[in-house]
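Since the structure comes first, as structure tokens, the remarks are kept for the end.
The values are calculated or read from the model by the stated rules, or taken from the named source; none is laboratory data. Keep in mind the model is a prediction, meaning the values are calculated, not measured. In this analysis, Cβ positions are derived from the backbone assuming ideal geometry, glycine residues included, and neighbour counts consider all displayed protein chains. Just the protein is used for accessible areas: all its heavy atoms, side chains included, with ligands, DNA and RNA removed. Shrake-Rupley method; radii C 1.70, N 1.55, O 1.52, S 1.80 Å.
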Amino acid sequence: MHKTGLLGLCARAWNSVRMASSGMTRRDPLANKVALVTASTDGIGFAIARRLAQDGAHVVVSSRKQQNVDQAVATLQGEGLSVTGTVCHVGKAEDRERLVATAVKLHGGIDILVSNAAVNPFFGSIMDVTEEVWDKLWMDKEKEESMKETLRISRLGEPEDCAGIVSFLCSEDASYITGETVVVGGGTPSRL
């Protein structure tokens, strides 16, 4: 009897841990927060915008092209998410000002800023980056397989792999985390 009771207690505890880690116990951890995500109509930025909105935030997406903004907003609103968007080239001060003004006008302020705009990724030392990489040619299958071999989990990352940690860091669950570097790298050694 004691053994069964202990096993039952362990099973209930495990279910509780599993539910907490999957987000089942807390719904909308970002409810009523306003998130502004740059370069968020594709790839990692889009995945982050989607996840923040799924977790309850009102999200303002941006891109350099209006058609990309329109498509991302339509897709996310079609999923029932609270998303608006505007054109923004982060290299232009007037575009950045308009992006912030849009969020403030529509939602009264900004609680979360995700500065996602960047150049294409490169795997390796930045000193070894070729002109082709800076010009954006990405990769081929041989390079992909070579990269997978160096990763401890033997797969390349997906945009959604970044979205969960961003949402967590924007939530109250991360309120005691400050000044940390969180590497979403599939187990690759990371350092500058």
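Descriptive notes on the structure:
- Within the range 150-168, the set of residues being under 12 Å from residue 51 (Cα atoms) and surrounded by 15 or more Cβ atoms within 10 Å (Cβ to Cβ) comprises 159, 161, 162, 163, 164, 165, 166, 167, 168.
- Just one of the listed residues (56, 108) is in contact (Cβ under 8 Å) with a residue 12 or more places away in the chain, open to solvent by less than 60 Å² (accessible area, probe 1.4 Å), closer than 28 Å to residue 27 by Cβ and not polar (S, T, N, Q), and it is 56.
- A search for C-beta distances below 7 Å between a residue of the range 78-102 that is touching a residue at least 40 places away in the same chain (Cβ under 8 Å) and any residue that is open to solvent by 30 Å² or more (accessible area, probe 1.4 Å) and in a loop (DSSP other than H, G, I, E, B), counting only pairs 6+ apart in sequence or on different chains, returns 90/117; 100/110.
- For the range 95-106, the criterion of being closer than 22 Å to residue 162 by Cα and out of contact with any Gly (no Cβ under 7 Å at 6 or more places or on another chain) is satisfied by no residue at all.
- So residue 67, is it more than 23 Å from residue 30 (Cβ to Cβ) and open to solvent by 30 Å² or more (accessible area, probe 1.4 Å): yes
- If you go through the range 81-99 and keep only what is open to solvent by 70 Å² or more (accessible area, probe 1.4 Å) and out of contact with any His (no Cβ under 9 Å at 6 or more places or on another chain), you end up with 92, 94, 97, 98.
- Any pair with Cβ under 7 angstrom, 6 or more apart, that starts in the range 172-187 at a residue that is within 18 Å of residue 33 (Cα to Cα) and ends at one that is of a type outside the set (Val, Ile, Thr): 172/29; 173/29; 174/168
- Of the residues 9, 36, 52, the single one that is among the hydrophobic types (A, V, I, L, M, F, W, C) and modelled with pLDDT under 95 is 9.
- The range 19-38 residues that are over 15 Å from residue 109 (Cβ atoms) and crowded, with 18+ Cβ neighbours inside 10 Å, paired with ones that are modelled with pLDDT under 95 and among the hydrophobic types (A, V, I, L, M, F, W, C) (beta carbon under 6 Å, 6 or more apart): 38/90; 38/117
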